[in-house]
Structures are given as structure tokens and as C-alpha cells.
Amino acid sequence: MYAVIRMITSLLFGIARLLYGMEIEGMDRIPEKGPFILAFDELGHMATMMTTVFVAHNILGGRLEQPVGFGDEFMWSQGWRRIYDKGDSTPIFPHGRGQAAHGLLRGLAALQEGKIVMMNPTGEMSWDGKPVPLKKAVAWLALRSGAPVILVVATKGAYDVRPKWMERPQLTGRFSLRVAEPMYLSEAPLASVSDEMVAEANAKLRTEMNLLVYGTAEVA
């Protein structure tokens with residue numbers, strides 16, 4: 001079954017390259033081992049799909065260890081369910097109820113054990129292709145664990161191909177997937193984290209995300 005799904009992910013990569021000129025920039029920036037937080041931005045359905053395909057392809061190819069958390073977000077088909085059940089996956093945000101304390105503690109424990117945690121810093125998909133405000137989870141986990149954040153995002157063109165409100169993707173357009181350098185929000189694990197520290201960390205994350213997605217730090 002896994003071989004079939006990996007073949008499908010390869011096919012989807014090929015189609016995306018053919019139709020949209022999709023390239024993967026910075027793949028070598030992803031460490032072979034955890035701990036780290038793999039963070040992505042849901043700029044639209046195409047961005048979400050290709051980021052999911054990217055992660056699934058690398059899990060099944062042995063390039064990436066099974067991430068912990070965010071299981072419900074990948075349950076849109078039985079095939080993806082099998083991928084994310086392949087390893088020791090613990091949903092951090094069960095049923096989309098937000099940043100529950102027990103979920104964050106599970107994520108923190110996973111990072112402390114040297115695992116990978118994967119989540120969307122905004123917790124939702126953009127309706128208009130503009131940045132969505134960041135929630136606290138990624139920043140809090142990064143500060144408390146001292147683990148780096150690695151952003152994997154699609155460029156703005158992915159929104160134009162298929163935004164949230166569009167039923168089917170357009171067959172024209174261009175976008176890429178970009179992997180950022182590991183980003184440390186704290187030099188060491190912190191025993192406590194204030195709202196001000198989270199806000200400062202989120203400002204750094206947002207700047208980096210904007211540069212990767214839109215090519216500019218400030219987006220109107």
C-alpha cells in the first residue's frame with residue numbers, strides 16, 4: 001500500500017512540475033533527525049495539498065521521520081490516513097478544537113524526546129491569499145523546547161491556482177515549495193513563556209513566512 005501511495009505522490013509532483021513549473025527549494029535544509037517543528041502555511045487548497053504530498057512522499061521514502069501531531073488535518077482520504085498511521089502519531093489538535101493545553105504538552109514531550117512535530121502556525125486557511133494571524137502554539141513550543149522551526153510553504157502562486165473558495169484548480173499558474181533554514185526562537189529551552197515572548201517570536205515567524213511566500217516582509 002505504501003509503495004502505491006509513494007507512486008501517487010511522485011505522479012502528483014510530476015503533474016505539478018508540468019503544469020505549474022513547481023520546484024522544491026531548500027530540501028537539504030530539513031535535518032535527518034528531530035527534534036524540530038515542521039511548520040507550514042495553508043495559503044489555499046493547492047498549497048495545502050502539495051505540502052501534504054511533500055511530507056507524505058518524504059515519510060514513505062525514508063527521508064523524513066513520522067511527524068507527531070496534526071493527524072486530523074490529513075484524514076481527507078483513506079490513503080493519507082494510512083500514511084500518518086504508519087508511525088507514532090499523536091493528534092495535537094483533535095477535531096480542530098484549537099490549541100488545547102494537553103495537546104501542546106504532548107507536542108512538547110515529543111520534541112523533548114527528539115521527535116518531529118508538524119503544524120500550521122495560523123491554524124486555518126487563508127480566504128483571500130493574504131497572511132492569516134499566527135496563533136500561539138508553534139512559538140510556544142519552540143520557546144519551551146528550544147527546538148528549531150523549519151518552515152515549508154508554497155509561494156503565492158499556489159493561491160492563484162486554487163484558493164480556498166475555488167472548487168477546482170486552474171490549469172495555469174506558477175508556484176514553488178520553499179523550505180527555510182532552521183529558525184531558532186530561543187537559544188535554549190525556557191522554563192516559562194510569557195505572552196510578550198510569544199508575540200515577539202510570532203513577529204519573527206511572520207516576517208520569515210512573508211519573505212518565503214510573498215517575497216516581501218510586509219504584506220498589505
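The values are calculated or read from the model by the stated rules, or taken from the named source; none is laboratory data. For clarity, every value in this text was computed on a predicted model and none was experimentally measured. Backbone-built Cβ (ideal geometry, glycine too); neighbour counts: all protein chains shown.
Determine if the range 72-83 includes at least one residue that is acidic (Asp, Glu) and at pLDDT below 85. Yes, the conditions are met somewhere in the range 72-83.
Is the range 25-32 home to any residue that is touching a Ser or Thr at 6+ places or on another chain (Cβ under 6 Å) and either under 25 Å from residue 135 (Cα atoms) or in contact (Cβ under 8 Å) with a residue 24 or more places away in the chain (or both)? Yes, the range 25-32 contains at least one residue that is touching a Ser or Thr at 6+ places or on another chain (Cβ under 6 Å) and either under 25 Å from residue 135 (Cα atoms) or in contact (Cβ under 8 Å) with a residue 24 or more places away in the chain (or both). Within the range 175-205, the set of residues being hydroxyl-bearing (Ser, Thr, Tyr) and touching a strand residue (DSSP E or B) at 6+ places or on another chain (Cβ under 7 Å) comprises 176 only. Kindly provide the set of residues from the range 175-213 that are of a type in the set (Gly, Ala, Ser) and over 14 Å from the mean Cα position of the chain (by Cα), ordered by number. Across the range 175-213, the qualifying residues are 176, 186, 188, 191, 192, 194, 199, 201, 203.
Residue-by-condition table, conditions (1) buried (at least 23 other Cβ atoms within 10 Å of the Cβ); (2) at pLDDT below 90; (3) closer than 18 Å to residue 124 by Cα; (4) in contact with a His (Cβ under 6 Å, 6 or more places away or on another chain):
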residue	(1), (2), (3), (4)
15	no, no, no, no
19	no, no, no, no
32	no, yes, no, no
35	no, no, no, no
56	yes, yes, no, no
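Residue 135 meets all of the listed conditions (1) out of contact with any helix residue (DSSP H, G or I) (no Cβ under 7 Å at 6 or more places or on another chain); (2) within 18 Å of residue 191 (Cα to Cα) but one, namely (2). If you check 163, 131 for being buried (at least 20 other Cβ atoms within 10 Å of the Cβ), modelled with pLDDT under 95 and not basic (Lys, Arg), only one passes: 163.
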